[in-house]
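A.B. asks: Sharing a structure here in structure tokens format.
What follows is calculated from the coordinates using simple rules that are stated; it is not laboratory data. All figures in this text were calculated on a predicted structure; none of them were measured in a lab. Here the Cβ is made from the backbone with ideal geometry for all residues, glycine too, and neighbour counts use every protein chain on show.
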Amino acid sequence: MDLRLSHLIDGQARSAGNGAWLDVFEPATGQAYGHCPDGTADDVAAAVSAAERAFPAWSALPAADRAAWIERLADALEARVDAFAAAESRDVGKPLALARNLDIPRAVANLRFFAAAATQFASESHGAPGIVNYTLRQPLGVVGVISPWNLPLYLFTWKFAPALAAGNCVVGKPSEVTPVTAWMLGELAREIGFPPGVFNIVQGRGAVVGQALVDHPRVKAISFTGSTAVGVRIAESCARSLKKTSLELGGKNATLVFADAPRAKLLDTVLRSAFLNSGQICLCGSRLLVQREYYEAFRDALVARAKAMVAGDPTDPATNLGPVVSKAHFDKVMACLALAREEGGRVLCGGEAVQPEGRCRDGWFIAPTVIEGLGPSCRTNTEEIFGPVVTLQAFDTDEEALALANATPYGLSASVWTADLSRAHRLAERLEAGVVWVNTWMNRDLRTPFGGVKQSGLGREGGWEAMRFFTEAKNVTIDLG
Ligand code: NAD
């Protein structure tokens, strides 16, 4: 247990004001391997004050200079991609190759994308005879970003990069479950001399540090990604001060497989959408809806592929399924499996913990699980599990598929597999989701609007949406007469 993390406040590494620490665990072994500051409301206040002091100079910088700073951070991160991937893999339990090929490269891409956005962002002008209107898009001031544990650096950068690009100063709060790569990024920021106070990180618990950030009267906006329960709480707190909020919340996404689905990438992609990151991605397709005539063949092929997955040491290249992120989350997913059985589900594979040999024998591993025989309204099919667990349901018609897909309180994403593009367009229009993929999954273009409907969130991230969220529009009208 030697790793000691710190906050980044005003360009300096700091411990929690009260000297308290939280343990940091390695999910693959179940052992603590470091300490993270157990931050306080005073730490948040210090970070907000530092950000306020930095704001006038940062917001006055030409956009190209802000972009250059964000690019420098991207360069430094890219130069350390292996170290960051190893840290992310250890902290979350995800296979090293996944962290190396997805998480860290995407964090670099987020930084570069929003560095470019800083220089490309523009605002509108509305002319009329004798009158001109132009709209200023001004940064808000100090903003808070709060991120979850499933894609730690990927989602942290996705939130703070547009905030900085638009000219705001940031206080970021990573998840206390996976604090390491945010801390490492803070160290990189110090190393490259990122202007002090522009970008601050306060580590610690959600109910303390997160809540203090949300409640701070001089924080102008909160961009949050996490569970629906916490998102609702944040919305309630922010409503009192009319603080701007962007909320990216939970999902219970449907994968609709029609009998005419093009087969080439189908099984590989559906398997990934079910079990990537041990099913701990908000976009994972946890409800598989399959047209009846293809149901049995699809089910059997999927179960065979799931059984062939290798759960084990995330550093082993043969591993394609790591543990779930924490003991608490392991217990939650296991309780969901017990509930699925109580509700009458038939477990076709998995449904139990896995104990790998060797150094990972005490890790929090759960076998990839496929369940059938459950109707659309049971808890297993309506509540988010966020683990390596999927259910199968059969449908006959497009209307039935649509009704099943929309039968949850969530509405983040859906993926439709069919060769009939007219059907795909018709369904895309009526699916209650913020993101619809056709014959693909998690295919992301960073310019597109990203977010959910219903209980999956409020507002959109990505491209101009994020730049608009982090700015206030001010219209100026001039009478030319
Ligand atoms: P969580 O809601 O428990 O925590 C998310 C973050 O909020 C953490 O940093 C946590 O410390 C903080 N937090 C907790 N209580 C808080 C409070 N009272 N005030 C302010 N902050 C507080 O979520 P999690 O378990 O870390 O992540 C998993 C959840 O995130 C799942 O529901 C998943 O679907 C969702 N998620 C959504 C998206 C999306 O883009 N829609 C992406 C990834 C994850």
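A.B. asks: Please give me, ordered by residue number, the GluC sites (Glu not before Pro) of region 71-156 that lie in loop per DSSP and have at most 13 other Cβ atoms within 10 Å. Don't skip to the end; give the middle numbers.
C.D. replies: Numbers: sites: Glu71, Glu78, Glu88, Glu124; in loops: Glu124.
The qualifying sites are Glu124.
A.B. asks: Still on this structure, I have one more. Classify region 1-82 as rounded, prolate or oblate from the Cα gyration tensor: take a ≥ b ≥ c as the square roots of its eigenvalues, call it rounded if a/c is under 1.5, otherwise prolate when a/b beats b/c and oblate if not.
C.D. replies: The shape class here is oblate.
A.B. asks: Roughly what angle does helix 104-120 make with the longest principal axis of the chain, taking Cα atoms, 0 to 90 degrees, to the nearest 10?
C.D. replies: 40 degrees
A.B. asks: Percentage of Cα-Cα pair distances in the chain greater than 33 Å, rounded to whole percent?
C.D. replies: Tail fraction, whole percent: 38.
A.B. asks: Between Trp464 and Ala79, how high is the FRET efficiency from 1/(1 + (r/R0)^6) when r is the Cβ-Cβ distance and R₀ = 30 Å? Nearest 0.05.
C.D. replies: The formula returns an efficiency of 0.50 here.
A.B. asks: Right, something else. Let me spell out the model: positive unit charges on the Cβ of Lys and Arg, negative unit charges on the Cβ of Asp and Glu, origin at the Cα centre of region 217-321. What dipole size does that give, in debye rounded to 20? Each step should come with its number before you reach the end.
C.D. replies: Numbers: 15 positive and 9 negative charges, 140 e Å.
Result for region 217-321 is approximately 680 debye, rounded to the nearest 20.
A.B. asks: When the chain is fully extended, how far beyond the present Cα-Cα distance does Leu421 get from Ala116, taking 0.36 nm per residue of separation? All intermediate terms of the calculation are to be shown ahead of the outcome.
C.D. replies: Values: separation 305, 0.36 × 305 = 109.80 nm, distance 3.41 nm.
The span from Leu421 to Ala116 would gain 106.4 nm if fully extended.
A.B. asks: Further question on the same structure: Place the peptides 418-427, 41-50 in order of packing, highest mean first, counting for every residue the other Cβ atoms within 10 Å and averaging per peptide.
C.D. replies: Working: 418-427: 15.1, 41-50: 21.9.
Descending mean neighbour count gives 41-50, 418-427.
A.B. asks: Taking 7 Å along the Cα-to-C-beta vector as the label spot, tell me the Ser123-Val310 distance in nanometres, rounded to one decimal.
C.D. replies: 5.6 nm
A.B. asks: Determine, for Trp464, Trp183, Trp58, Trp417, the number of other Cβ atoms within 10 Å of each Cβ, and report the residues in order from fewest to most. Don't skip to the answer; put the middle values down first.
C.D. replies: Details: Trp464 16, Trp183 25, Trp58 21, Trp417 28.
So the ranking, lowest neighbour count to highest, is Trp464, Trp58, Trp183, Trp417.
A.B. asks: Arrange the peptides 93-99, 371-377 so that the one whose residues have, on average, the most other Cβ atoms within 10 Å appears first.
C.D. replies: The peptides rank, most packed first, as 93-99, 371-377.
A.B. asks: Among rounded, prolate and oblate, which fits region 126-219 when a ≥ b ≥ c are the square roots of the eigenvalues of its C-alpha gyration tensor, a/c under 1.5 means rounded, and a/b larger than b/c means prolate?
C.D. replies: prolate
A.B. asks: If I take R0 = 51 Å and measure r between the Cβ atoms of Ala68 and Asn475 in this structure, what FRET efficiency does the formula 1/(1 + (r/R0)^6) give, to the nearest 0.05?
C.D. replies: Between Ala68 and Asn475 the formula returns 0.95.
A.B. asks: Cut-off is 10 Å between beta-carbons; in what order do Ile234, Ile131 appear when sorted fewest neighbours first?
C.D. replies: Least crowded to most crowded, the residues run Ile131, Ile234.
A.B. asks: Report, for the chain, the % of DSSP beta bridges that are antiparallel, rounded to 5.
C.D. replies: 45 percent
A.B. asks: Beyond 20 Å, what share of the Cα-Cα pairs of region 329-473 remains, rounded to the nearest whole percent?
C.D. replies: 60 percent
A.B. asks: Only loop residues by DSSP count here, and only those with at most 13 other Cβ atoms within 10 Å; note down the trypsin sites (Lys or Arg not before Pro) in region 221-319 that meet that.
C.D. replies: In loop regions of region 221-319 (DSSP not H, G, I, E or B), the sparsely surrounded trypsin sites (Lys or Arg not before Pro) are Arg263.
A.B. asks: For every helix of n ≥ 4 consecutive DSSP H residues, a contribution of -39,500 (n - 2.57) applies; sum these over the chain, divide by its total residues, and give [θ] at 222 nm rounded to the nearest 500 deg cm²/dmol.
C.D. replies: So the calculated ellipticity at 222 nm is -12000 deg cm²/dmol.
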